[in-house]
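The values are calculated or read from the model by the stated rules, or taken from the named source; none is laboratory data. This is a predicted model, so every value here is computed, not measured. Here the Cβ is made from the backbone with ideal geometry for all residues, glycine too, and neighbour counts use every protein chain on show.
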Amino acid sequence: MPFPIDEKYIIDTESQLNIKFPTEFKNRMIKLNGGELYISDEFVFELHPFFDKSDRKRISRTCNHIGVKTKNAQEWSGFPNNAIVIGADGFGNQLILTHNGTGNLTDELYFWNHETREVAKIAESIIKLYIEKSSFWNKVKSKLKK
């Protein structure tokens, strides 16, 4: 169950990964650190939380955090060097944010397919997630139904 998080833990993660998260994403996570991101009735991403060290319960709930997930993904063949993992779909595919080498992540959400190693933009931001109608989403949906 997601819960609010103090911004200092987001800043800690930014420092560890040497990046800056976009404001919309940070604001969403401050209110609900983690949780589910519903793409459609059939497709859900589990958002990874930021590591919250405020008490034992939060430590245990956030130990598989964005920093750990990103460091693990960076060891995979074909994973983009400029990507930060913010969620997963349970099938190995990752929801990522990217930067152009500056470390400043863009608002745009991308889907990284673990089988094809392809990256596709799925939304302008976490708030503007309308992938159900996108051609990309229709391709993903048709592959999942096979």
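For V44, the test of being in contact with an Asp or Glu (Cβ under 9 Å, 6 or more places away or on another chain), of a type in the set (V, I, T) and under 19 Å from Q94 (Cβ atoms) is passed.
For residues in region 55-75 being assigned to a loop (DSSP other than H, G, I, E, B) and in contact with a Phe, Trp or Tyr (Cβ under 6 Å, 6 or more places away or on another chain), which is surrounded by the fewest Cβ atoms within 10 Å (Cβ to Cβ)? In this case the residue turns out to be H65. In the set (1) farther than 27 Å from T102 by Cα; (2) surrounded by fewer than 21 Cβ atoms within 10 Å (Cβ to Cβ), S15 fails one condition alone, (1). Within region 96-109, is even one residue assigned to a loop (DSSP other than H, G, I, E, B) and among the hydroxyl-bearing types (S, T, Y)? Scanning region 96-109 turns up at least one residue that is assigned to a loop (DSSP other than H, G, I, E, B) and among the hydroxyl-bearing types (S, T, Y). The listed residues are I39, I5, and the only one of them that is crowded, with 21+ Cβ neighbours inside 10 Å and closer than 24 Å to H114 by Cα turns out to be I39. Among the candidates V68, V119, the residue that is over 18 Å from G34 (Cα atoms), out of contact with any helix residue (DSSP H, G or I) (no Cβ under 8 Å at 6 or more places or on another chain) and of a type in the set (A, V, I, L, M) is uniquely V119. Of the residues making up region 106-146, those that are of a type in the set (S, T, Y), modelled with pLDDT of 85 or more and surrounded by 12 or more Cβ atoms within 10 Å (Cβ to Cβ) number 3. Residues in region 1-40 that are closer than 22 Å to E124 by Cβ and assigned to a loop (DSSP other than H, G, I, E, B) were compared, and the one that is farthest from the chain's Cα centre (by Cα) is S40.
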